[in-house]
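The values are calculated or read from the model by the stated rules, or taken from the named source; none is laboratory data. No experiment lies behind these values; they were computed from the predicted model shown. So basically every Cβ, Gly included, is an ideal-geometry build from the backbone, and we count neighbours across all protein chains shown.
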Amino acid sequence: MTPTRRSWSPALLLGLILGPGLSSAGWAQVSPPPGTAPVEDALQHYSLLVAKMANDSIAAMYTADGELAGPGQPPVVGPAAIQAFLQSFAAYRVLTERMTSDSITVQGDTAFQSGRWWQQVIIPAGDTVAVHGGFSAQWLRDSAGEWHLRRMAARPGDGATERAN
């Protein structure tokens, strides 16, 4: 089956693909509440993989029914579909990528996280764009204690796409 490319906005696509990205200089980095550090570590690992565009490794961070979602679009479901979707952005190059947490709540083996992202990306046309917005994530802890994404949803911020060149 050939992967279907969804018609998402470029800013949202960059935010989802390239991760819920980089915090701007004006966003304060705050230490996570006690007991939430492993979830924050998982998010930062995800962000690093996004910066590298390591699509197979990004997809492997999702549960079997994990979802990559954006507003107004059906989610991409499952690691194989997520990897195929991300691969459709092979012509993009991430220059910078960062995610910051605003809140993390852990309830047993489930964690809920929200925050902000920022990225600078070279798009296929050769232009460099900066995109930013918010994200929400639901994580599930497996029996080995590893956190996996059940759902990652990104939303673009106001004026989310700015040409950097």
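Brief remarks on what is shown
- Selection from region 36-56 of residues that are in contact with a helix residue (DSSP H, G or I) (Cβ under 8 Å, 6 or more places away or on another chain) and either crowded, with 18+ Cβ neighbours inside 10 Å or more than 26 Å from ALA144 (Cα to Cα) (or both): TYR46, LEU49, VAL50, MET53, ASN55
- Residue, modelled with the lowest pLDDT, within region 57-82, restricted to residues that are surrounded by fewer than 22 Cβ atoms within 10 Å (Cβ to Cβ) and in a strand (DSSP E or B): ALA69
- Test: residue in region 57-65 that is over 14 Å from the mean Cα position of the chain (by Cα), closer than 20 Å to SER114 by Cα and of a type in the set (Ser, Thr, Tyr): yes
- Considering each residue of region 42-53 in turn, none proves to be out of contact with any strand residue (DSSP E or B) (no Cβ under 6 Å at 6 or more places or on another chain), in a helix (DSSP H, G or I) and more than 22 Å from GLY115 (Cα to Cα).
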